Amino acid sequence: MFAVTKEYIEHNIIADIDKKSVLIPNQKDTHLAAITEPKDIKQLLIDINLIGEKLKSDISTIFIFKLIPYVFVRSENIRLMCWDDINLEKGVWEIPKEKMKMKVDFVCPLPKQAIDILKQIEPFSRHRSRFVFPSRYKNDRGVSGAALSDTLNKLGYQNKHTFHGFRSMFSTIAHELYKEHGFYSDIIESCLAHKEKNKVKAAYNRESKYKYFDEKKELIQWYADWLDNLKNT
């Protein structure tokens, strides 16, 4: 754990091993913990805004948690987010396929709230690192996954909400409230960079990275506004 804490290594893979599964095959699907009820989401957002005050975290960790509810990408994508991939004027974050789990280029529309957050951290990180959220120990590294998990645990969310849970949070709310925003599953899944599960459909629909961009932009802005309204009421 010392090596993880000091970010000599990014993750302790031994901690991920399910001891039982080494001896006994485990056929059950595992779902990472996620908060999806509005009242609990509201409290989570309030707690996130107090990370700097409560935990005295470094600025990268503080701002990464401010941003993640609005973009809900995978941990690796936001930890290794680079200034060169972002266009704040256009409100676009282009993630090359090499950094994506599905190995497909992805374009993430940035809601107004996300753009404001990135502009706030820009003076603190852009001059010293290519990463938006550099490690407090080394400028040529992004924040470690262990640092993010540790922050959530210290906030009291161990076994309640994981960093990946922000993706589940968006998916649940977007699907449940589809009548409010007017977008169906294809657009919601596209916002999450999920691959088409139907192989035949996928073969005939070679997706451009800008496919559904306008729809995704509108949905993501709706969700960002929904989060703000929830937090402030």
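Could you please rank W83, W93, W226, placing first whichever residue has the fewest other Cβ atoms within 10 Å of its Cβ?
W83, W226, W93
By how many nm would the segment from D40 to K112 grow when fully extended, if each residue of separation counts as 0.36 nm and the alpha-carbon distance is taken off?
23.6 nm
Quick one: S125, S185, fewest Cβ neighbours within 10 Å first, how do they rank?
The order, fewest Cβ neighbours first, is S185, S125.
Which of L177, C191, Y157 sits farthest toward the positive end of the charge dipole of the stretch 127-201, with +1 on the Cβ of Lys and Arg and -1 on the Cβ of Asp and Glu?
Towards the positive end, the residue furthest out is Y157.
Readers should treat all values here as calculations from the given coordinates under stated rules, not as data from a laboratory. Computed from a predicted model, the values in this text were never measured in an experiment. Glycine also receives a Cβ, built like all others from the backbone with ideal geometry; neighbour counts cover every protein chain displayed.
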